[in-house]
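Peer 1: To start, I am sharing the structure in question, which I have written as structure tokens.
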Amino acid sequence: MGKDLWEHSESVRTIVEQASQSTGLDLKDLLWNASEEDLKNTDKAQIAITTVNLSAATVLVEHGIKPDGVAGFSLGEYVALQLAGVFGVEDLFVIVKARGDAMAEASNALRSESGQPGMAAVLGLESEKVDELCRSRLADVYPANYNSPNQIVVSATAEGLAAAEAVFKEAGARRVIPLKVSGPFHSPLMVKAKERFAEFLASYEFGDPTVPIYSNVTGKRIVTGAEAKELCVAQIVNAVRWVDDEKAIVADGFERVVEAGPGKVLSGLWKSVGGEIPCLAAGTVEQIAEISQVGA
């Protein structure tokens, strides 16, 4: 992940070195040699993904594509905050490391005889129906990511996940897919992580955003640094309202969107909301070069 960016850009090599120094992890080894099981652990996954997200955004700028506004899905919101000038690169990695550690600790504390808590994607069932079923028929199962009008991710204990599939399918869900994650993120089950992370952030001063940035928690623009700090804490136990973020971006008149980071998941989700506005994957040097050829 991100090796072509590292080979292409001196700035990316500096980012990888900064991430390694700030976190005590060997990012080159983690990105290119780690097993899937290693990268499933949220404390490592968050640093790895953040490093590649920032690297891709940096190479985009080097190719003349500078953002007029930013948003990020879950963890991705932290690189968006850095690009918006809320905090610097060194603080970015220290903050993300603390977030990952807090979330890993809270998740491990929820492990039971039934297994590890986690998340599952529910496909083909409207979000309102998923919300209602979580409230009325399921214990310790919570809506966590509003990905698209017909795709919602839930977080749950191991026992909750075991019960949820049958309930959602009975209600008409096409598929219920367990996700390769290590915890029930963006749910009230993560309250211990919220408390620990809030204590860590207490000494940090966040600057006001210099470009529009959209919050996962509210689906609206973040106006001040103080608000950004509060929302970083709240995001740990609140659902990611990505559909609302996308609608706000469209409403504010942006004409092109790029997905800076590995994969094409967000580009795919964008199609259900973005209409005629394209969202282009920008996670590799080749993809970024193609985008730059059609103008910044």
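The values are calculated or read from the model by the stated rules, or taken from the named source; none is laboratory data. Being a predicted model, the structure only gives us computed values, none of them experimental. A quick note on method: Cβ atoms are made from the backbone with ideal geometry, for glycine too, and the neighbour counts reach across all protein chains shown. When the accessible area is computed, the model is the full protein with side chains, heavy atoms only, and any ligands, DNA or RNA have been set aside. Shrake-Rupley method; radii C 1.70, N 1.55, O 1.52, S 1.80 Å.
Peer 1: Quick one: how many residues across segment 191-226 are hydroxyl-bearing (Ser, Thr, Tyr), outside any loop (DSSP other than H, G, I, E, B) and over 16 Å from the mean Cα position of the chain (by Cα)?
Peer 2: Residues in segment 191-226 being hydroxyl-bearing (Ser, Thr, Tyr), outside any loop (DSSP other than H, G, I, E, B) and over 16 Å from the mean Cα position of the chain (by Cα): 0 in total.
Peer 1: Among the residues of segment 94-113, write down those that are among the aliphatic types (A, V, I, L, M), in contact with a Phe, Trp or Tyr (Cβ under 9 Å, 6 or more places away or on another chain) and farther than 22 Å from Gln18 by Cα.
Peer 2: Met103
Peer 1: Tally the residues that are touching an Asp or Glu at 6+ places or on another chain (Cβ under 6 Å) and among the hydroxyl-bearing types (Ser, Thr, Tyr), restricting the search to segment 91-145. Give the derivation first.
Peer 2: If we filter segment 91-145 for residues that are touching an Asp or Glu at 6+ places or on another chain (Cβ under 6 Å), which is where we start, we get 100-101, 104, 114, 143.
Next, only the ones that are among the hydroxyl-bearing types (Ser, Thr, Tyr) stay: 114.
Total meeting the criteria: 1.
Peer 1: Determine whether segment 165-174 contains at least one residue that is at positive phi and of a type in the set (D, E, K, R).
Peer 2: Checked against the condition, which is being at positive phi and of a type in the set (D, E, K, R), segment 165-174 yields no hits at all.
Peer 1: Which one of the conditions (1) under 16 Å from Tyr146 (Cα atoms); (2) over 14 Å from the mean Cα position of the chain (by Cα); (3) surrounded by fewer than 18 Cβ atoms within 10 Å (Cβ to Cβ) does Val265 fail to meet, given that it meets all the rest?
Peer 2: With respect to (1) under 16 Å from Tyr146 (Cα atoms); (2) over 14 Å from the mean Cα position of the chain (by Cα); (3) surrounded by fewer than 18 Cβ atoms within 10 Å (Cβ to Cβ), Val265 is out only on (2).
Peer 1: I need every pair where a residue in segment 167-179 that is touching a residue at least 40 places away in the same chain (Cβ under 8 Å) and of a type outside the set (A, V, I, L, M, F, W, C) has its Cβ under 6 Å from the Cβ of a residue that is part of a strand (DSSP E or B) and open to solvent by less than 100 Å² (accessible area, probe 1.4 Å), sequence separation at least 6 or different chains.
Peer 2: Listed by first residue and then by second, the contacts come to Arg174/Leu123; Arg175/Leu123; Pro178/Ala120.
Peer 1: If you scan segment 48-69, which residues turn out to be open to solvent by less than 40 Å² (accessible area, probe 1.4 Å), of a type outside the set (Val, Ile, Thr) and in a loop (DSSP other than H, G, I, E, B)?
Peer 2: Gly69 - this is the single residue of segment 48-69 that is open to solvent by less than 40 Å² (accessible area, probe 1.4 Å), of a type outside the set (Val, Ile, Thr) and in a loop (DSSP other than H, G, I, E, B).
Peer 1: Here's a follow-up. Can you pull out every residue in segment 84-106 that is open to solvent by 10 Å² or more (accessible area, probe 1.4 Å) and under 15 Å from the mean Cα position of the chain (by Cα)?
Peer 2: Lys97
Peer 1: Also: Filter segment 20-38 down to the residues that are surrounded by 17 or more Cβ atoms within 10 Å (Cβ to Cβ), part of a helix (DSSP H, G or I) and touching a Lys or Arg at 6+ places or on another chain (Cβ under 9 Å) and list them by number.
Peer 2: Matches in segment 20-38: Ser20, Ser22, Thr23, Lys28, Leu30, Leu31.
Peer 1: Do you know which residues across segment 236-256 are aromatic (Phe, Trp, Tyr) and part of a helix (DSSP H, G or I)?
Peer 2: Once the filter is applied, which keeps residues that are aromatic (Phe, Trp, Tyr) and part of a helix (DSSP H, G or I), segment 236-256 yields only Trp242.
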